[in-house]
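In what follows, a single structure is set out as structure tokens and then discussed.
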Amino acid sequence: MTIGIDIDNTITKTKETIYEYLKKDYPQYEDYKLLPPKEYVKFLKKNLSKMRSKYELVAGVREAFNYFHENNDKIVIITARNNKYYHGSIKDTLAFLSQNNLKYDKIYFKQSKKGKKAYKENIDLFIDDKEQVLDNVSKYGIKCLCMNQSSKYPSFQNWYEILEYLKKEV
Ligand SMILES: [Mg+2]
């Protein structure tokens, strides 16, 4: 099986760290997505590199990657990450994955619409935290799991739950 996997809020606990930084710089905002566009860019340009180095892994992701490798599944990481907010973003992402010993077969950056890429890569199962992304991927007949609450897709809080589900369902 070929498994497509997102990074932010799927492999890493991205939101948690961003909210900590947001509280320091913009205590009046509860969500960074509510920042005015200029402030949003300023906030990310200032903090993204630092924040990324602090992201924790979603529980069980290492075990899941190990399980997929043992099972001879292929892992294709498909992320929207790009070098827009700071220049070393792609390089740092590769280093982060390697430091955390998360081995994958392929990685694609700058993917905002992930369905086409997932289809081209013959992905059987796609895991992302955004319903909107999963809607785009599932259009191609690819089975989708949501690392978040979802009424449309099987939804999970961590990778232990996903492993349990996959061992039963697939
Ligand atoms: Mg994500």
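Checked against the criterion of being acidic (D, E) and crowded, with 18+ Cβ neighbours inside 10 Å, the candidates D8, D25 yield just one match: D8.
Each row is one residue, and each column tells you yes or no for (1) among the hydroxyl-bearing types (S, T, Y); (2) touching a helix residue (DSSP H, G or I) at 6+ places or on another chain (Cβ under 6 Å).
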position	(1), (2)
V76	no, no
T79	yes, no
A95	no, no
A118	no, yes
I127	no, no
N136	no, yes
K168	no, no
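Just one residue in the set K120, K130 is over 12 Å from the mean Cα position of the chain (by Cα), in the same structural domain as Y165 (by TED's automatic domain parsing) and either farther than 16 Å from M51 by Cβ or free of Cβ contacts under 8 Å to residues at least 12 places away in the same chain (or both); that residue is K120.
Considering each of E16, E56, E30 in turn, give the residue that is surrounded by fewer than 18 Cβ atoms within 10 Å (Cβ to Cβ) and within 18 Å of Q99 (Cα to Cα).
Only one candidate passes the filter, namely E56.
Selection within the range 103-113: residues that are in contact with a strand residue (DSSP E or B) (Cβ under 8 Å, 6 or more places away or on another chain) and not charged (D, E, K, R). The member of this set that is nearest to the ligand (Cβ to nearest atom) is Q111. Would you check if A95 is surrounded by 18 or more Cβ atoms within 10 Å (Cβ to Cβ) and in the same structural domain as K117 (by TED's automatic domain parsing)? Against the criterion (surrounded by 18 or more Cβ atoms within 10 Å (Cβ to Cβ) and in the same structural domain as K117 (by TED's automatic domain parsing)), A95 does not qualify. Considering the range 114-165, the residues that are closer than 18 Å to Y67 by Cα and of a type in the set (D, E) include one that is farthest from the ligand (Cβ to nearest atom), namely E164. Residue count for the range 1-54 under the criterion of being without any contact (Cβ under 8 Å) to a residue 40 or more places away in the chain, within 16 Å of the ligand (Cβ to nearest atom) and part of a loop (DSSP other than H, G, I, E, B): the result is 1.
The values are calculated or read from the model by the stated rules, or taken from the named source; none is laboratory data. Source: prediction; values computed, not measured. FYI the Cβ positions are ideal-geometry reconstructions off the backbone, even for glycines, and counts take in every protein chain you see.
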